[in-house]
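Okay, so here's the structure we're looking at.
None of the figures in this text is laboratory data; all of them are computed from the coordinates on show. All of these numbers come straight from a predicted model, not from anything done at the bench. Note: ideal-geometry Cβ built from the backbone for every residue, glycine included; neighbour counts use all protein chains shown.
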Amino acid sequence: MSAAPAGAAVWVEPVNGPIIDPFRPPSGPYGPGNRGIEYDIESGTPVIAVDAGRVSFVGRIGASMFVSIDHGEGLKSTYAYIESSVVVRGQRVKKGQQVAVAGPGFHLTARLFGEYVDPEILFGGAEIEVNLVDGPQLSQPRATSGLRPRLQEGQLVANWALFGGLLDGRGIRSGGSEWS
């Protein structure tokens, strides 16, 4: 993967340990897969924020505890299967600040405008560019919070300076590799 562009947000790994279950996108909204990455670490390991942001959720879903951080520009991280949180909803956090204590099966997810993406691409930094082509089927672009589009040669181009590749309807590409 190529280096992140200047000024791009680059995530740090939330824990120090090997990934034992990588991201596997499901074929549909309820299909099997892995919408994040699972680490092989001991329960009780400190969990740090992958990037600066505001804590948007702390709590239980079923029997499991979660922390979510809104990093802005439509990007959120969620730290799942934790023993406890050391942050509260609404709190601002810095990159590398402890946010939780890991439990068994600790898991990290990344969502971009509500869609799950592979968190590993964010560790190296990436830039997303969205290109919409002219055509009779093209409707007005949907306004999205944090998206700052600009018109360039008949195409809508949105640079978020977050990623090192493209989001182009087939998946995210970065440095010549493609994730679908």
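With K and R counted +1 and D and E -1, the other residues having a Cβ less than 14 Å from that of A80 yield a net charge of +1.
Note on region 1-99: dipole from Cβ charges, positive end direction compared against G33, G17, V86; the farthest Cα belongs to V86.
Applied to region 112-120, the Karplus parametrisation 6.51 cos²θ - 1.76 cosθ + 1.60 on θ = phi - 60° returns per-residue 3J(HN,Hα) values of 10, 6, x, 9, 6, 10, 5, x, 4 Hz, with x for Gly and Pro. Give me, ordered by chain and number, the residues 5 or more places off V99 or on other chains with an amide H under 5 Å from its own placed amide H. It is V47, I48, A49, by chain and number.
Counting beta carbons within 10 Å around each of K94, K76 and listing the fewest first gives the order K94, K76. Neighbours of A110 by Cβ distance under 11 Å: Lys/Arg scored +1, Asp/Glu scored -1, total -1.
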